[in-house]
Amino acid sequence: MSVEVAVFFTNANQLWRLRIRSSPLGPFKRFDEMIELMPRLLKRFPDLKYLIVGEGDDRPRLEAKVGGYGVAKQVLFLPA
């Protein structure tokens, strides 16, 4: 099962854009596509955060990709 939610909220007079995706982490789930898009999206939405919730065999590869794209502060991994 996969759940994806886009959330917009204000905190201390600041608008935050947050995308949350919860799913077992596997290559067939295409998390890497969103990671690859993050640098371009951040140019338009500099406050964007992408939360990946879940565990799986693909997590080390995805974490390396996040580091390679320089978006480690914007893409966060949380356990399910």
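All of (1) assigned to a strand (DSSP E or B); (2) at pLDDT 80 or above; (3) more than 21 Å from residue 80 (Cβ to Cβ); (4) among the charged types (D, E, K, R) hold for residue 17 with one exception: (2). Could you list, in sequence order, the residues of the stretch 55-80 that are hydrophobic (A, V, I, L, M, F, W, C), in a helix (DSSP H, G or I) and exposed (fewer than 13 other Cβ atoms within 10 Å of the Cβ)? Within the stretch 55-80, 64 is the sole residue that qualifies.
The values are calculated or read from the model by the stated rules, or taken from the named source; none is laboratory data. These numbers come from a predicted model, not from an experiment. Every residue, glycine among them, receives a Cβ derived from its backbone with ideal geometry; neighbour counts consider all protein chains shown.
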